Amino acid sequence: MVSVPSNGMSRRSLLFVAIFLATVSLILSVSGGFATTLQGIRLSARSPIPSLAAAIAACLAWLALAWRARAVTRDLEHVDNWLSRRASMIALVIAGLAAAVALQFSTFSASGSDASGYLSQADMLWRWQIIRAEPLASVAQWTNAAATLAPLGWNPARETGFQVPTYAPGLPLLMAPLHALGGAIAASLVPAVSFFVVVCATAALALRLSGALAALIAAVWIASSPVALIEAMQPMSDVPVTATWLVCWILVMPWGRAGYGRALLGGLVAAVAVLIRPNLAPLVVVPALCLFFKDDQRSSPWHTVMAFAGPVALAGVLVAYLQWRWFGSPLRSGYGTAGEIYAIANVPPNAALYFRWLLETHGPWLLAAPLALILPGGRFVRWLLLFAASVVAAYLVYSVFEVWTYLRFMLPALAIAIVLMASLIAELLSRAPVSGRPLAIIIVVFGLAATNLTAAQSHGVFRLATQQSRAALAGRYLEGSIPAHGVIIAGEQSGSTRYYTGRSIVRWDFATAEALTVVLDQLSRAGHEIWLALDTWEEEPFRRKFPGVEAAALDWPPRVEAGTEVLMRVWRLRDREPFMRGESYATS
């Protein structure tokens, strides 16, 4: 019979074992577990029940031993001290785990508009190019030809025969060196590493406001945020821009004497934020004003602000130049003019949508962030609240979208709200009896994580890679199958098919109902082999739009069918006639 040592250290270790096993159980319950092979040995963990049962057993064993030794209160106080001393280290571990989860569930894919646009733009910028030549421009004589030749994520350039990217240059510039080394897989490290920075920076801001416990709560809160998780799993700009804004605030926050060095670093980081998301550029005024009104200046506040503003101004000039070069005006982006994007009429629908999405994914707690004004660091809290409110205001008047993932626009504001609420909760917990505080901390931390991760699971966050796998699978097949003179007719995957194959595309959704016949005729006479690539949900709209075109009937087998939850199918046009004569072939 094995006896359990009853000395204090061994007894208390059972509590930490119980916490660890409960954490494992929580992760397994929401992620579905894992399976891997290590040196030929298969390792897997699927069910959360064994780890949960072990956690309960360890907790009961501790309680029995502590009760017998009359040390329940003493052990809980020890745990409280341990958590307080090591909360910052735990937050760092949480950041590492968050980045690892993002990579584990990453799409590593150029699926859809944004991902394919950022990745293809990164590839172009690495080649020191800012516009792309379109080989089909001299052949295309059909209606709306220039628009149909530009895939998702790209626009026709002002110069005939060229195309320009839709998106701002910041994220592609960050991705470019990694993309040159390892394509989409290496470039996907940028959002994952940015997620690590977001968790660390959120914890650091909370640490400065209310101490180590606030850092721990903030780290868990942002690391389990459904919208932060899903954006860290794909080549998107929302997590990187949030990381830059948070680091900027760490550098300008009013603790310690700030000189030119910190102001300049803050300006450099803010400049990257402007390059990634230029529409938030006016928000740099908030940290600049915070710098100006700091009480602990080493020198003139004007000099400090100028050090901060210099890099930001240079970033603004670069964005203005590129927008002028690409779209004909420094004030016009790839999405259109300000008048086309922003409208007061957008406020009511956006407010309703963002409010509903926030409640569904994070609960109502972050709405109470203004209560943090009672914190000791009230002056800095006001600056943070002003910044968060400015982010919210900027997107309330922005174009209306109907999918919950567009809550990603609010991610910088959500991170600030998490900092403030974590600090407020930590202040409240600090007033609780020491013996009861560890249990309260565990309830808060596990409650936040469980609520967020359950919402993430219900919103399909951990299925994202499976849903988007079709683009990479089909792209790799097409890269080796379509000849150099091939052309792909596509819609939703127009950006991804061009990214993976390098072949020209024609957007069916931008072609007029009469144009497809002309497209097929002109491309065939010019010697191009024509392929069609459609997500399955596009097939019926494709048939309805071109009822008189035989090729639009899609009445012959596709060459490839890719994906699981969402399928993408690809047809080769010249297969249709042989199939109608009775010939057959297998679909890959």
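Only a single item in (1) over 25 Å from residue 117 (Cα atoms); (2) in contact (Cβ under 8 Å) with a residue 12 or more places away in the chain; (3) surrounded by fewer than 17 Cβ atoms within 10 Å (Cβ to Cβ) is not met by residue 515, and it is number (3).
Report yes if some residue within region 200-212 is open to solvent by less than 40 Å² (accessible area, probe 1.4 Å), of a type outside the set (Lys, Arg) and at positive phi; otherwise report no. Checking region 200-212: at least one residue is open to solvent by less than 40 Å² (accessible area, probe 1.4 Å), of a type outside the set (Lys, Arg) and at positive phi. For region 407-415, indicate whether the set of residues that are over 30 Å from residue 294 (Cα atoms) and either touching a residue at least 40 places away in the same chain (Cβ under 8 Å) or not in a helix (DSSP H, G or I) (or both) is non-empty. So far as region 407-415 goes, yes, one or more of its residues are over 30 Å from residue 294 (Cα atoms) and either touching a residue at least 40 places away in the same chain (Cβ under 8 Å) or not in a helix (DSSP H, G or I) (or both). Step by step: first the residues of region 532-548, then only those that are in a helix (DSSP H, G or I) and among the charged types (D, E, K, R), then the one that is most open to solvent (accessible area, probe 1.4 Å). Which residue is that? Here the residue is 544. Among the residues of region 1-42, the one identified as at pLDDT below 70, of a type in the set (Val, Ile, Thr) and part of a helix (DSSP H, G or I) is 30. Elements of the type helices (runs of 4 or more DSSP H) sitting completely within region 162-269 and holding at least 1 residues that are under 30 Å from residue 325 (Cα atoms): these cover 170-187, 189-210, 226-232, 238-252. Kindly check whether there is at least one residue in region 187-196 that is under 22 Å from residue 385 (Cβ atoms) and open to solvent by less than 30 Å² (accessible area, probe 1.4 Å). Scanning region 187-196, I find no residue that is under 22 Å from residue 385 (Cβ atoms) and open to solvent by less than 30 Å² (accessible area, probe 1.4 Å), so the answer is no. Of the candidates 399, 435, 390, the single residue that is open to solvent by 20 Å² or more (accessible area, probe 1.4 Å), polar (S, T, N, Q) and part of a helix (DSSP H, G or I) is 390.
The residue pairs whose first member lies in region 562-588 and is part of a loop (DSSP other than H, G, I, E, B), whose second member is among the acidic types (Asp, Glu) and open to solvent by less than 60 Å² (accessible area, probe 1.4 Å), and whose beta carbons are closer than 9 Å, counting only pairs six or more residues apart or on different chains, are 563/535; 566/535; 567/535; 583/575; 585/575.
Anything in region 474-495 that is of a type in the set (A, V, I, L, M, F, W, C) and buried (at least 20 other Cβ atoms within 10 Å of the Cβ)? List them, or say none. 474, 478, 482, 487, 488, 489, 490 - these are the residues of region 474-495 that are of a type in the set (A, V, I, L, M, F, W, C) and buried (at least 20 other Cβ atoms within 10 Å of the Cβ). If you go through region 418-432 and keep only what is out of contact with any Pro (no Cβ under 9 Å at 6 or more places or on another chain) and either open to solvent by less than 10 Å² (accessible area, probe 1.4 Å) or farther than 20 Å from residue 242 by Cα (or both), you end up with 418, 419, 422, 423, 424, 425, 426, 428, 429, 430, 431, 432. Residues in region 109-137 that are crowded, with 23+ Cβ neighbours inside 10 Å and of a type outside the set (A, V, I, L, M) were compared, and the one that is farthest from residue 493 (Cα to Cα) is 121. Within region 303-354, take every residue that is open to solvent by less than 50 Å² (accessible area, probe 1.4 Å) and outside any helix (DSSP H, G or I) and give me the one that is nearest to residue 274 (Cα to Cα). Here the answer is 333.
The values are calculated or read from the model by the stated rules, or taken from the named source; none is laboratory data. As the structure is a computational prediction, the values presented were derived from the model and not from experiment. Cβ coordinates were reconstructed from backbone atoms using ideal geometry, including for glycine residues, and neighbour counts include every protein chain displayed. To get the accessible areas, we keep the full protein, side chains included, count just its heavy atoms, and leave off ligands, DNA and RNA. Shrake-Rupley method; radii C 1.70, N 1.55, O 1.52, S 1.80 Å.
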